[in-house]
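What follows is a single structure, written as structure tokens, with notes after it.
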Amino acid sequence: MPRTSTAAAERQALVRALREKGPTADTLCEGWTTHDLAVHVAARDARPHLVFGQELPVVGAKALEQYHQFEQMSFEQLMDRIADGVPSWHPARTRAVDDAVNTVEFFVHTEDVLRADVRVASEITPGETGDGGTADVEPGESDAPSDDAGSAGAVTALQPRRRRVPEEVQRRLWRQASRTLFLAAARKHRRRITFISPGHGSVTHGSSKDPMISLEGAPGELILWAFGREDAADVVLRRH
């Protein structure tokens, strides 16, 4: 891959995925079609406050009104805007800022489009060990814990569309997620989690008082899990 912004590469991957699926396809963002997702990305590029300011007092109504203007755009107009990138004044015009704020965002949303047809093929109760704990999940299976620590996870047979993510992008994803995103995921799930990515490293986050699990997979797959796309993430989860 040419040495360019990893975010720029993922931006074009997102545009290709959206064009391929068209404006009415489902996404992994609950309740959103591909058109809805395109609106979100285009508005975030042009006027970030329209995405983050809708719930604020005073300015919220104005932000929502302006957001609706993006909703009225055609799918092709949205595609052109996303492909062109942020306005000239935007800090993300610089590579460092673009990589920092957009690589993970565009990676996740590209997979939101490509993996929307993932379905849970089966749910089983993991085998119980002799001491009452839960047996390790075998490689190739994915077991995502629910917010209820006592409930069984879903084992998902994954056969989604897979794309080849450039190694430079995977390295960027790991560097960013291992510092902040994985920490937030551990706190959200109330687990002490060791994230393992062969060839990239491992990192542990979470309170020592919380139940321990480990997750293994490519950086992008771990990020999808951390972002709540557990059923679509190709990871191996083990309880300890």
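The values are calculated or read from the model by the stated rules, or taken from the named source; none is laboratory data. A quick note: this is a predicted structure, and the numbers were derived from the prediction, not measured. Note that each Cβ is placed from the backbone with ideal geometry, even for glycine, and that neighbours are counted across all protein chains shown. Just the protein is used for accessible areas: all its heavy atoms, side chains included, with ligands, DNA and RNA removed. Shrake-Rupley method; radii C 1.70, N 1.55, O 1.52, S 1.80 Å.
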Filtered residues of the range 101-128 (kept if at pLDDT 95 or above and hydrophobic (A, V, I, L, M, F, W, C)): V104, F106, F107, V108, V113, L114
Test: residue in the range 199-212 that is touching a helix residue (DSSP H, G or I) at 6+ places or on another chain (Cβ under 9 Å) and basic (K, R): no
Search result, residues across the range 83-114 that are touching a Ser or Thr at 6+ places or on another chain (Cβ under 6 Å) and either farther than 23 Å from S178 by Cβ or of a type in the set (D, E) (or both): D98, D99, D112, V113
Answer residue from the range 10-31, given it is touching a residue at least 12 places away in the same chain (Cβ under 8 Å) and not in a helix (DSSP H, G or I) and is nearest to Q72 (Cα to Cα) among those: P23
Given (1) among the polar types (S, T, N, Q); (2) within 16 Å of the chain's Cα centre (by Cα); (3) modelled with pLDDT of 95 or more; (4) open to solvent by 30 Å² or more (accessible area, probe 1.4 Å), number of the condition Q170 does not satisfy: (4)
Residue list for the range 177-194, filter: part of a helix (DSSP H, G or I) and open to solvent by 70 Å² or more (accessible area, probe 1.4 Å): R179, T180, R187, K188
Residue list for the range 98-112, filter: within 17 Å of A233 (Cβ to Cβ) and open to solvent by 10 Å² or more (accessible area, probe 1.4 Å): V104, E105, H109
Residue pairs meeting the criteria (Cβ under 8 Å; at least 6 apart or on separate chains; first in contact (Cβ under 8 Å) with a residue 24 or more places away in the chain and surrounded by 12 or more Cβ atoms within 10 Å (Cβ to Cβ), in the range 61-80; second of a type outside the set (V, I, T) and not in a helix (DSSP H, G or I)): Y67/Q54; F75/G22; F75/P23
